[in-house]
Amino acid sequence: MLSLEDIRTKLGKYNQSHVLQFWEELAPEAQTNFLSQLSDINFDDVSNLFNRALGSLSEETKKLDTLMEPIPPDQFEYEKGVDEDKLEEYRKKGLKAISKSRVAVLLLAGGQGTRLGVPYPKGMCPISLPSGKTLFQIQAERIRSVVRLAKKETGSTGRVCWYIMTSQATHDATAKFLEGHKYFGLNEDDVVLFQQGLLPSFSYDGRIILDRKDSISLAPDGNGGIYLALRKNNILQDMERRGVKYVHVHSVDNILVKVADPVFIGYCVMKGADCGNKVVRKEVPTEPVGVVCQVDGRFQVVEYSEITDQTANLRDDEGNLIFRAGNICNHFFTTGFLKLISENYEDQLKLHVARKKVPFVNEKGERVTPSSPNGIKIEKFIFDVFQFSKNFVTWEVPRHTEFSPVKNSESAENDCPSTARRDLLKLHKLYIQDAGGTVTCDEVEISPLVSYAGENLVERVYGKVFDGRTVISAEEEVVPNGF
Ligand code: UTP
């Protein structure tokens, strides 16, 4: 920890001396904690960052239409357009990689979940499912399920390590929750939590905002903080030690996510990709979702605000939107690619700057929650590395089988817990119908430990009618949570 004098000198150099304005009023313990917080900050980096961020803030949102091209056909496949044999080939390839412990899952769970607004990490959100399961439990069980599928296919039990990126906002609660639930049946050694970094929030003139008299305002550095966090926490070495070659990275909030999806992994591996992106078709041209495409010959995600309505509405001969590859925060990376980015390109990642309402301490020492934006937060995005890929591929999947996120609170009426619940139970209904069962209600849930993606159900459901709240669970789940 640096001394008070060292900190004063640094703050003076970077014109940030105001953060110590209440120093004399602080109790000794608060002073020590504050010094420790300030010692962890690299003011050189912070000052550079602010200057870079200021550049992007002053840029107007440019329309990129003239530079955009769709993904070339040989780097793009739609699951429904691939014949059964090919799909099976991809699936087997993925399962084989899983059985050889070459696959890891990296869960992005460091976000603050401000839109959902629950006082705990999003992964702990129960979504009111018949089983009472949370997003974390569903995802952990899907890992266990896919490992079993791989064993069935190959005879070998692979280890799939579950790396979870948390942030200061989510770390302790996540760690406690997972430990308290015995990692939902995963081997404790195969669950690795690590924290992403934090960045200060700034006033528009570049002064770090004081959150309280004894702390500055810090927020997670965005899901693109993953590359720095992998390096700082030696996660890539851990992956190497375990023999991991392929990493499936996804957001915590998609209730339908096929964790370590063997088909997606197999497709990427067979294509020799270093970076792959799973997408869903944009529903309407105006849907505010980023689309993956090429801009000036480089792959990137283009936000809805960056294209004109005319381009968003372009359609091909079959009537499909030309720019339809909707980004859903679901990626494949080789460990080699992650290493390349973490070591060589991390500091080139674009900075996304948002004007936000940042609570602060005023001159009188009172904490104020502003009613309009008063400062900026800087974030990096995970997808901004596509441009560095040597072989980038995109895999499109049907939305109803793969994507329904929990972003908002119920009042938004979309992408909220009840729509996620609805979509999961709808999909399970389809699985049961395909296996010869009948569901006459919307309350039947299938445990991931019974079926990963609709398989293994005939024995359990054929010829049966499900007309009330039911959980089709595995024997090992003695009493499902929530009952
Ligand atoms: P979102 O961009 O939807 O953000 O994250 P969020 O934090 O969950 O929610 P809001 O915007 O505050 O309402 C997409 C994924 O990226 C992760 C989230 O946890 C989620 O899985 N994420 C986001 C991080 O891991 N770190 C971050 O700094 C931001």
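In the chain, the portion of solvent-accessible area held by carbon and sulfur atoms comes to 46 percent [1.4 Å probe, whole percent, DNA, RNA and ligands not counted]. Structural descriptor for the stretch 1-139: relative contact order 13 percent, calculated from alpha carbon pairs under 8 angstrom and at least 6 residues apart. When all protein chains stay in place and ligands, DNA and RNA are ignored, the 1.4 Å accessible-area order of D316, D309, largest first, is D309, D316. Placing pseudo-labels 7 Å out from each Cα toward the beta carbon at D189 and Q237 gives an inter-label distance of 1.9 nm.
With the helix formula -39500 (n - 2.57) applied to DSSP H stretches of n ≥ 4, the chain reaches a computed 222 nm mean residue ellipticity of -9000 deg cm²/dmol. Taking all Cα pairs closer than 8 Å and separated by 6 or more residues, the relative contact order of the stretch 354-483 comes to 14 percent.
Taking label positions 7 Å along the Cα-Cβ direction at both Q21 and K92, the computed distance is 6.9 nm, reported to one decimal.
Here the Karplus relation 6.51 cos²θ - 1.76 cosθ + 1.60, evaluated at θ = phi - 60°, turns the backbone of the stretch 426-438 into coupling constants of 5, 5, 5, 4, 4, 4, 5, 4, 4, 9, x, x, 10 Hz, with x for every Gly and Pro. In this rough spin-label picture, where each label sits 7 Å from Cα along the Cβ direction, the M1-T308 distance is 5.9 nm.
Shown in residue order for the stretch 357-372 are the 3J(HN,Hα) couplings computed by the Karplus curve 6.51 cos²θ - 1.76 cosθ + 1.60 at θ = phi - 60°: 7, 10, x, 8, 9, 7, 4, 7, x, 8, 7, 10, 9, x, 9, 9 Hz (x for Gly and Pro).
With 10 Å bins beginning at zero, the pair-distance distribution over Cα atoms of the stretch 108-185 amounts to 17, 44, 28, 10, 1 %.
Counting only DSSP beta bridges with both residues in the chain, the antiparallel share comes to about 55 percent.
With contacts taken as Cα pairs under 8 Å at a separation of at least 6 residues, the chain carries a relative contact order of 20 percent.
In the chain, taking the dipole from charged Cβ atoms about the Cα centre, the farthest positive-side position among A420, V301, G463 is held by G463. Distance from the alpha carbon centroid of the stretch 18-55 to that of the stretch 324-371 works out to 19 angstrom.
The shape of the stretch 317-400 comes out oblate: with a ≥ b ≥ c from the C-alpha gyration tensor, a/c is at least 1.5 while a/b does not beat b/c. FRET efficiency for the E477 to H352 pair, using the beta carbon distance and R₀ = 41 Å, is estimated at 0.50. The trypsin sites (Lys or Arg not before Pro) of the stretch 331-436 that meet both conditions, a loop assignment by DSSP and at most 11 other Cβ atoms within 10 Å of the site Cβ, are K364, K390. If you average the alpha carbon positions of the stretch 128-190 and of the stretch 62-87, how far apart do those two centres end up, in angstrom? The stretch 128-190 and the stretch 62-87 have Cα centres separated by 32 Å.
The values are calculated or read from the model by the stated rules, or taken from the named source; none is laboratory data. Remember, predicted model here, so these are calculated numbers, not experimental data. For neighbour counting, all protein chains shown are included, and Cβ atoms are generated from backbone atoms with ideal geometry for every residue, glycine included. Side chains are part of the model used for accessible areas, which takes the heavy atoms of the whole protein and leaves out ligands, DNA and RNA. Shrake-Rupley method; radii C 1.70, N 1.55, O 1.52, S 1.80 Å.
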